[in-house]
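The values are calculated or read from the model by the stated rules, or taken from the named source; none is laboratory data. All values derive from a computational prediction rather than experimental measurement. Note that each Cβ is placed from the backbone with ideal geometry, even for glycine, and that neighbours are counted across all protein chains shown.
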Amino acid sequence: MTTTGTPALAFNDVTCRFAARDGGEAYTAVANATLMVQAGEFVSVVGPTGCGKSTLLNVAAGLLAPSSGTVEVFGERLVAERGVNRRAGYMFQADALMPWRRGIDNVVAGLEFRGVPREAARRQGEDWLRRVGLAGFGDRYPHQMSGGMRKRLALAQTLILSPDILLMDEPFSALDVQTRQLMENELLALWAESRKSVLFITHDLEEAIALSDRVVVLSAGPATRPIGDFKVELPRPRDVSEIRMTPGFNELHREIWNAMKEEVLKAYARQKAA
Amino acid sequence: MKIGKFKLTVLRLLVLGLAIGVWWALTDPGFLPPIYFDDPGRAAFFFGKPFRVFEIIINWFVSGEIFSHLGITLLETALGFIVGSVLGLGIGLWLALAPTASAIFDPYIKGFNSMPRVVLAPIFAVWFGLGVWSKVALGVTLVFFVVFFNVYQGVREVSPTVIANARMLGASKRHLLRHIYLPSAMSWVFASLHNAVGLAFVGAVVGEYLGSAHGVGYLILQAEGTFDINTVFAGILVLTAFALLLDMAVGLVEQRLLLWQPKTSETEPV
Ligand SMILES: Nc1ncnc2c1ncn2[C@@H]1O[C@H](COP(=O)(O)OP(=O)(O)OP(=O)(O)O)[C@@H](O)[C@H]1O
Ligand SMILES: [Mg+2]
């Protein structure tokens, strides 16, 4: 994966400032961030909590207009006021399912909005429920599912539309280790087959290395920006549980962790002081 | 301490029997020595006699006289509820999604809501006559605000993440209205269903009571005109029983409509 052609997603000098509610000082969450995701590339973003990872994804999704800077999607400028990023699917960090729809109706919601006939949508929906391990749970409402089941439902809901760009905000953090590895492998298989561009956010450095072509490290907030960019040249196809045992993996882990450590401590000290 | 179902029913019936017994004992002429009224027939004149009341109720149902009146009251209730709900839903959705309009109308909505709207009944009688529609109008003014405020709340309560997710999934403005705002608002409306139906019923009966030619409220009004206290009580009892039935029916409907909402505890004992 080299840098050829137009990137699927490009942040150019993006800054996000949040106005304070009570007339206080504005908070600069992200400052002068420049970041590319090539077409077909799997990029993970790691960084301490509260540094602005979700903010970056919201900007990429076209849900949030940056205070300055631009975002380009396959070479086209994204303008949040004109609507969301139509080529991206977004798996949110928070619960985003429609609580009044049953599982299957949540999964096919996107198809429904696109006017796909009911029968065809349902068939695809059932298929996706099976792929995320929820076959037979389609007629449950979200509140009748566990947190992990809801996450997998959200995954099916996003992937069923086969978006060119996948924005994923800590999608697997609510899952147990086994299910998590199953889902990670499933995601890798899917990505290998369709070569989507993925921007993947996680707290978990091991997960980031196991899945990605590139790991981007963000500095602690405020004024977050990328401070490290590491190529992961581990062979594919990978199995996420096996790749963790390889020497190359450990070396990379140590290297990235050294870059991160300081930022994590900084963020921790700052939040404790606040 | 948990009480058995059968025992509970028996105890409840006992309370009812006791209440009727006391009523009877205090109003039966000559049963008790006069305590308050000098004339032994006086208590019955003010408070009626339970068995006379039941006789009237049975007669109403046997002769079938009551059904047309109940039918009219029910029709007014239903119309008041439907028209009030539709208006509340429509205007509630509109104002909740249009901040400017909402800011303009806000003081007037609050004003109308604080007004004791029963005073409008005579005006409605002048506008719509003494028939069904003046009662429907009163019911509408009562139901509208309950539904309106719940719709408003329902729209504002939708999680921004759910909206953002729907937009990312390709929802247009119309989709958002139909698949996000409406279901959320409806859940709040359903939650206030008991309240709304109850108020529609109040609107109908009060409207009838203030001037009409049909309905259970009219029966009560007429009996009061001739100091027939037994018939007044009979009418009140029929209304109460009817309101209870209506409330039970609403409960059944509600159970079906609010399936998707979590209840506090749903595990089934083994
Ligand atoms: N709408 C907002 N208004 C004000 N401040 C905000 C807003 N959204 C986010 N922030 C602030 O911006 C910073 C970054 O938030 P963000 O949600 O992007 O963090 P994150 O990196 O995703 O954290 P986590 O890993 O815990 O999910 C935080 O300090 C947060 O308080
Ligand atoms: Mg986040």
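I'm checking my understanding of the structure. Among residues of segment A:157-189 that are within 12 Å of chain B (Cβ to nearest Cβ) and touching a helix residue (DSSP H, G or I) at 6+ places or on another chain (Cβ under 6 Å), which one is nearest to A:S54 (Cα to Cα)? Among them, the one singled out is A:D169. Residue pairs whose Cβ atoms lie under 8 Å apart, sitting 6 or more positions apart in sequence or on different chains, and linking a residue in segment B:1-30 that is within 30 Å of B:A44 (Cα to Cα) to a partner that is surrounded by fewer than 10 Cβ atoms within 10 Å (Cβ to Cβ), are B:L11/B:I3. The number of residues in segment B:178-197 that are out of contact with any helix residue (DSSP H, G or I) (no Cβ under 6 Å at 6 or more places or on another chain), more than 7 Å from every other protein chain (Cβ to nearest Cβ) and more than 17 Å from A:L111 (Cα to Cα) comes to 3.
Across segment A:216-274, the qualifying residues are those that are assigned to a loop (DSSP other than H, G, I, E, B) and free of Cβ contacts under 8 Å to residues at least 12 places away in the same chain, and the one among them that is farthest from the chain's Cα centre (by Cα) is A:A274. Quickly run through segment B:175-227 and pick out the residues that are buried (at least 18 other Cβ atoms within 10 Å of the Cβ) and of a type in the set (F, W, Y). B:Y181, B:W188, B:F190, B:F201, B:Y209, B:Y218, listed by residue number.
Within segment B:242-261, is even one residue farther than 24 Å from B:V146 by Cβ and more than 14 Å from every other protein chain (Cβ to nearest Cβ)? Looking through segment B:242-261, none of the residues is farther than 24 Å from B:V146 by Cβ and more than 14 Å from every other protein chain (Cβ to nearest Cβ). Filtered by the rule that a residue be farther than 24 Å from B:L257 by Cβ and β-branched (V, I, T), segment A:100-116 gives a lone residue, A:V116. Checked against (1) more than 16 Å from ligand 1 (Cβ to nearest atom); (2) surrounded by 15 or more Cβ atoms within 10 Å (Cβ to Cβ), A:R77 meets all criteria but (2). Looking at segment B:68-90, can you tell me whether even one residue there is part of a helix (DSSP H, G or I), surrounded by fewer than 12 Cβ atoms within 10 Å (Cβ to Cβ) and either assigned by TED's automatic domain parsing to the domain that holds B:G207 or modelled with pLDDT of 90 or more (or both)? So far as segment B:68-90 goes, yes, one or more of its residues are part of a helix (DSSP H, G or I), surrounded by fewer than 12 Cβ atoms within 10 Å (Cβ to Cβ) and either assigned by TED's automatic domain parsing to the domain that holds B:G207 or modelled with pLDDT of 90 or more (or both). For segment A:166-176, the count of residues that are modelled with pLDDT of 95 or more and part of a loop (DSSP other than H, G, I, E, B) is zero.
The residue that is farthest from ligand 1 (Cβ to nearest atom), among those in segment A:29-53 that are in contact with a Ser or Thr (Cβ under 7 Å, 6 or more places away or on another chain), of a type outside the set (A, V, I, L, M, F, W, C) and more than 19 Å from A:V232 (Cα to Cα), is A:N32.
If the condition is being among the basic types (K, R) and touching a Phe, Trp or Tyr at 6+ places or on another chain (Cβ under 9 Å), then segment B:220-256 contributes no residue at all.
Would a scan of segment A:114-133 turn up a residue that is modelled with pLDDT under 90, more than 8 Å from chain B (Cβ to nearest Cβ) and farther than 25 Å from A:G40 by Cβ? So far as segment A:114-133 goes, yes, one or more of its residues are modelled with pLDDT under 90, more than 8 Å from chain B (Cβ to nearest Cβ) and farther than 25 Å from A:G40 by Cβ. Scanning segment A:67-85 for residues that are touching a residue at least 24 places away in the same chain (Cβ under 8 Å) and within 11 Å of chain B (Cβ to nearest Cβ) returns a single hit, A:N85. If the requirement is being surrounded by fewer than 23 Cβ atoms within 10 Å (Cβ to Cβ), in contact (Cβ under 8 Å) with a residue 60 or more places away in the chain and either at the interface with chain A (Cβ under 9 Å from one of its Cβ atoms) or of a type in the set (V, I, T) (or both), which of these qualifies: B:T141, B:T161? So the residue among B:T141, B:T161 that is surrounded by fewer than 23 Cβ atoms within 10 Å (Cβ to Cβ), in contact (Cβ under 8 Å) with a residue 60 or more places away in the chain and either at the interface with chain A (Cβ under 9 Å from one of its Cβ atoms) or of a type in the set (V, I, T) (or both) is B:T141. Taking the criterion of being in contact with a Pro (Cβ under 6 Å, 6 or more places away or on another chain) and more than 8 Å from every other protein chain (Cβ to nearest Cβ), the only residue of segment A:88-103 that qualifies is A:M91. Is it the case that some residue within segment A:202-225 is among the small types (G, A, S), at positive phi and more than 16 Å from ligand 2 (Cβ to nearest atom)? For segment A:202-225, residues among the small types (G, A, S), at positive phi and more than 16 Å from ligand 2 (Cβ to nearest atom): present. Any residue at all in segment A:48-66 that is in contact with a strand residue (DSSP E or B) (Cβ under 6 Å, 6 or more places away or on another chain), away from chain B (no Cβ under 14 Å) and away from ligand 2 (no atom under 16 Å from the Cβ)? Yes: one or more hits.
Applying the set (1) within 16 Å of ligand 1 (Cβ to nearest atom); (2) among the hydroxyl-bearing types (S, T, Y); (3) surrounded by 20 or more Cβ atoms within 10 Å (Cβ to Cβ) to A:S173 leaves exactly one unmet item: (3). Note on segment A:1-47: among residues that are surrounded by fewer than 16 Cβ atoms within 10 Å (Cβ to Cβ) and within 16 Å of ligand 2 (Cβ to nearest atom), the one that is farthest from A:N258 (Cα to Cα) is A:F18.
Cβ separations smaller than 8 Å between residues 6+ apart or across chains give the following pairs from segment A:21-40 residues that are free of Cβ contacts under 8 Å to residues at least 40 places away in the same chain to residues that are within 11 Å of ligand 1 (Cβ to nearest atom): A:A26/A:R17; A:A26/A:F18; A:A26/A:A19; A:A26/A:A20. Being charged (D, E, K, R) and either outside the structural domain of A:E184 (by the TED database) or surrounded by 13 or more Cβ atoms within 10 Å (Cβ to Cβ) (or both) is a description that applies to A:E263.
Applying a threshold of 7 Å to beta carbon distances and a minimum spacing of six or more residues, or different chains, the list of pairs starting in segment A:110-128 at a residue that is of a type in the set (K, R) and ending at one that is not in a helix (DSSP H, G or I) reads A:R114/B:G170; A:R122/A:V108.
For the structure I just gave you, tell me whether A:L153 is aliphatic (A, V, I, L, M), surrounded by fewer than 19 Cβ atoms within 10 Å (Cβ to Cβ) and more than 16 Å from ligand 1 (Cβ to nearest atom). For A:L153, the condition - aliphatic (A, V, I, L, M), surrounded by fewer than 19 Cβ atoms within 10 Å (Cβ to Cβ) and more than 16 Å from ligand 1 (Cβ to nearest atom) - is not met.
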